[in-house]
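Below is one structure, written out as structure tokens; comments come after it.
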Amino acid sequence: MDIKARVLEHYEYLHQVPEVGFQEVKTSAYLAEHLEALGYEVRRGIAGTGVVGILKGSMPGSVVGLRADMDALGHMVNGKEVAIHSCGHDAHSAMVLTVAEALAKEGISQGAVQIIFQPAEELPVGGAGKMATEGIGSDIDMLFGIHLRPGHEAKMGELTPALHHGGSNKIVAYIEGKTAHGARPHLGINAINGAVAVIQAVNAIYSDPVIPSSIKATQIQGGGPSSNSIPECAEVAFDLRSQSNQVMWELIKKAKTAIEQGAASVGATARVEVVGGAPAAEYNRQMIELAKEAIVEEVGEKGLLEEIITPGAEDFHEFTQAYPHLKTTYLGLGCDLEPGLHDPEMHFNKAALEIGVKVLIRVVQKGLASK
């Protein structure tokens, strides 16, 4: 099998049909049809557009999962909203499909492989959690993922065995005051004052400084068309980040208290909504070592990077939260990617895809052989 030709063929097709979260109709159809042609047991329509393919060996053994995200990002280009694969999900799906093809052609003697194509990684309430609620991951022993990395993290031919993503969450505070004439402010409760008090209260939150984390206001809305009226409503959105799920839970709890009490300090009330996000990475050391071995065997010691801590989030980790028995790690692939992820002009060296496929094949084979 010509891995280079196959992965580039899959990539070129997927790159031409970018679709945003939960709308990956052409993408999922292409992936499902290829899995079916390869002899996989295929389930479609999981969490909307998700696809799972299962390949079983003749003897019992470990069940190894390989997951790729499918969705593109929406961008405004020349005043028009368009979908662009600016985060490399087309590359991830192309690599994983090519791995699936290689495994099917070679065959597996024991255990089983589950190929997971997940929708909507980019959305606040994304596809991983929805797939997990439908049971995906419950019967897997170990699960792997991969992501292209920007040039400042990894160069062409380099890979990390573990991308330690941070957790992310979004909180929205809905503040209610009381309207009044601008000339008689004492008769009202200014919701904008409440928003300011809420922001100040949240800014006073502290967490363990040893663990990277942050909480900050990123959106504020208030007032209406009349500037001479005391506004009764305001909204403030907060972005939360942490490398620890425990610290994230503490930040959310403290934020709720700060928001409610901050609003109350000016006589307003506040309703708090946790909109959604993604948990921080929680990996299995055995899986990281397995990935290291696969990387070294394929590209040598020179291509093996240290584990990378990134504040970026990834909903892959919803599977581990839903099924704590899962042993996971998530690889990062160097590909001379510029100018950066989520940039509509993002581009990379496509020769890296062949490397990614070969490493992932080794990862799966090692997983199948492990206990």
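Data overview
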item: Sequence-distant residues sharing a close amide H with E19 (under 5 Å, placed H); result: A72
item: The chain: most fluctuating residue of H164, H147, H181 per GNM, C-alpha cutoff 10 Å; result: H181
item: Within the stretch 328-349: backbone nitrogen closer than 20 Å to the W249 label point (7 Å, Cα to C-beta); result: 328
item: The stretch 26-41 and the stretch 164-180: distance between their alpha carbon centers, rounded to Å; result: 41
item: Nearest-ten-degree value, helix 25-37 long axis tilted from longest Cα axis of the chain; result: 20
item: The chain: calculated mean residue ellipticity at 222 nm from DSSP helix runs of at least 4, using -39500 (n - 2.57); result: -10500 deg cm²/dmol
item: In Hz, Karplus ³J(HN,Hα) per residue of the stretch 94-110 (6.51, -1.76, 1.60; θ = phi - 60°; x = Gly, Pro); result: 4, 5, 5, 5, 5, 4, 4, 5, 5, 5, 5, 5, 7, x, 10, 8, 9
item: Sorted by Cβ neighbour density within 10 Å, fewest at the top, the residues F348, F319, F22; result: F22, F348, F319
item: For G50, residues with placed amide H under 5 Å, excluding near neighbours; result: G45
item: Distance from the stretch 107-141 to the stretch 248-262 (C-alpha centre basis), Å; result: 32
item: Using θ = phi - 60° and Karplus 6.51 cos²θ - 1.76 cosθ + 1.60, couplings along the stretch 343-358 (whole Hz; Gly, Pro as x); result: 8, x, 9, 4, 8, 7, 7, 5, 5, 5, 4, 4, 4, x, 4, 5
item: Karplus-derived 3J(HN,Hα), 6.51/-1.76/1.60, for each residue of the stretch 197-203, Hz, glycine and proline x; result: 5, 5, 4, 5, 5, 5, 5
item: Amide H within-cut-off set for H164, under 5 Å, with H built and near neighbours excluded; result: I308, I309, T310
item: Ordering of 254-265, 62-73, 204-215 by burial proxy (mean other Cβ atoms within 10 Å per residue, highest first); result: 62-73, 254-265, 204-215
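Readers should treat all values here as calculations from the given coordinates under stated rules, not as data from a laboratory. Values in this document were obtained by computation on a predicted structure and should not be read as measured data. All Cβ positions, even for glycine, are placed from backbone atoms using ideal geometry, and neighbour counts span all protein chains on display.
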